[in-house]
Amino acid sequence: MEILPSRVYHSQDMSAPPKKAVALMSGGLDSALAAALTKRLGFEVVGLNLATGFCTGQGRCDAVLAQGLALEIPVRLLDVSDEYLEVVKYPRFGRGQGMNPCLDCRIFMVKKAGEVMEREEASFVVTGEVLGQRPMSQHREALELVARESGLGERLVRPLSGRLLGPTFPERMGWVRREDWLDLQGRSRKRQLELARDWGIPVFTQPAGGCCLLLERAYAKRLRDLIREKGVDALTKEDFALLRYGRHFRLGPNVRVVVGRDEVENAALLAFPGNHYVLTFPDVPGPVALVLGEASEEELKLAAELAARYSDAPQGAPVRVMAQRNGEALELWATPMSKDDPRLRKFRIDR
Ligand code: SF4
């Protein structure tokens, strides 16, 4: 894992620090409120959204941009997906209930924001964290740990809970008083929603269970399974990307099948690069399925029967399946598995 150099910032490093902040913005309400409050306190604010490759929902960037427009602040969008993989693979501070390495993730994001802070010649970083809102990453010790490990220390400001936390750089500079920050705490969203209404901030509905793939149970099961097969060191960006799509089945220690669930996933699977079989149904509407690993003839046939279960082929009647790999095409005939076939449950990874 790449460890970014930890840096301690001292106010005396700069003779006249600019009254400017970089605000991490996720598209959620809390981070937008933190940016809004900072602006209302007289600071110039630049929004920053980090694309990790594990966000769910296509509208996150749109949400951030809409919030930037509403707040009249510029927003930078930064792709950090390559570096972020290392955080997911080798968390130092453990994972939550899924595969979410929340503490390492927060440290990484705040470090990135610190780099942007330097580039933007800003003086501090703002996040929308609320004391006690999330059990793993927003209790007091966790917030302090992130400030310390990111190297930002007092330059990491959580305006929504600022009155309840330690002193910050803007306070030391005399730019704000302690009571200028808010004292939000816990999981209630009531005050945030009132503030959003009062300050004219658009509120976007978050998907149930959050907006991070690593929190999702099914995704976590697929990732754990793949780590068992390949070992964490061998996992590539493509491996992680493929875990996003389809139903996943394991047929053997090194053979997996991924079956698309809708047109979007079928298109994604069809275009997925790699040396694997692509199964399609030329005669009936059906999914695209990938067979990964060196499948035996028997496993390929099993994969075709399994994929046929999700096609419109009538039960009990063989259907034609094309299996293509590297320009080679095989024609198979497969009888769809019945939906009650116990092998479906046995092979399924993400149930
Ligand atoms: S839920 Fe996901 S994005 Fe949020 S802190 Fe945890 S790992 Fe990071």
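Here are a few things to note about the model shown:
- Per the conditions (1) small (Gly, Ala, Ser); (2) touching a Phe, Trp or Tyr at 6+ places or on another chain (Cβ under 6 Å); (3) surrounded by fewer than 16 Cβ atoms within 10 Å (Cβ to Cβ), the sole criterion not satisfied by SER296 is (2).
- When ALA313 is tested against (1) assigned to a loop (DSSP other than H, G, I, E, B); (2) under 32 Å from the mean Cα position of the chain (by Cα); (3) buried (at least 21 other Cβ atoms within 10 Å of the Cβ), exactly one condition is not met: (2).
- Count of the stretch 291-311 residues which are in contact with a Pro (Cβ under 7 Å, 6 or more places away or on another chain) and of a type in the set (S, T, N, Q): 1
- Of everything listed in (1) open to solvent by 50 Å² or more (accessible area, probe 1.4 Å); (2) farther than 22 Å from ASP104 by Cα, the single unmet condition for GLU141 is (2).
- Residue in the stretch 110-125 that is surrounded by 21 or more Cβ atoms within 10 Å (Cβ to Cβ), more than 18 Å from GLY47 (Cβ to Cβ) and in contact with a helix residue (DSSP H, G or I) (Cβ under 9 Å, 6 or more places away or on another chain) present: no
- Output for the stretch 44-86, where each listed residue is among the aromatic types (Phe, Trp, Tyr) and in contact (Cβ under 8 Å) with a residue 60 or more places away in the chain: PHE54
- Condition met for ALA63 (within 16 Å of ASP30 (Cβ to Cβ) and either within 13 Å of the ligand (Cβ to nearest atom) or in contact with a Phe, Trp or Tyr (Cβ under 8 Å, 6 or more places away or on another chain) (or both)): yes
- In the stretch 90-106, the qualifying residues are those that are assigned to a helix (DSSP H, G or I) and within 7 Å of the ligand (Cβ to nearest atom), and the one that is farthest from LEU213 (Cα to Cα) is ARG106.
- Top-ranked residue in the stretch 7-30 [being open to solvent by 50 Å² or more (accessible area, probe 1.4 Å) and at pLDDT 80 or above; ranked as nearest to the ligand (Cβ to nearest atom)]: SER26
- Given (1) in contact (Cβ under 8 Å) with a residue 40 or more places away in the chain; (2) open to solvent by less than 50 Å² (accessible area, probe 1.4 Å), number of the condition ASP104 does not satisfy: (1)
- Test for GLU72: is it more than 23 Å from the chain's Cα centre (by Cα), over 18 Å from MET25 (Cβ atoms) and open to solvent by 60 Å² or more (accessible area, probe 1.4 Å): no
- Filter result (surrounded by fewer than 16 Cβ atoms within 10 Å (Cβ to Cβ), assigned to a strand (DSSP E or B) and in contact with a Lys or Arg (Cβ under 8 Å, 6 or more places away or on another chain)) within the stretch 319-347: GLU331, TRP333
- Meets criteria (within 13 Å of VAL259 (Cα to Cα) and polar (S, T, N, Q)) for SER296: no
- Scan the stretch 156-181 for residues that are within 16 Å of the ligand (Cβ to nearest atom) and among the basic types (Lys, Arg) and the total you get is 1.
The values are calculated or read from the model by the stated rules, or taken from the named source; none is laboratory data. Bear in mind that the values here come from a model prediction, so they are computed numbers and not experimental data. Here Cβ is always computed from backbone atoms with ideal geometry, including for glycine, and neighbour counts include all displayed protein chains. Note: areas computed on protein heavy atoms with side chains; ligands, DNA, RNA excluded. Shrake-Rupley method; radii C 1.70, N 1.55, O 1.52, S 1.80 Å.
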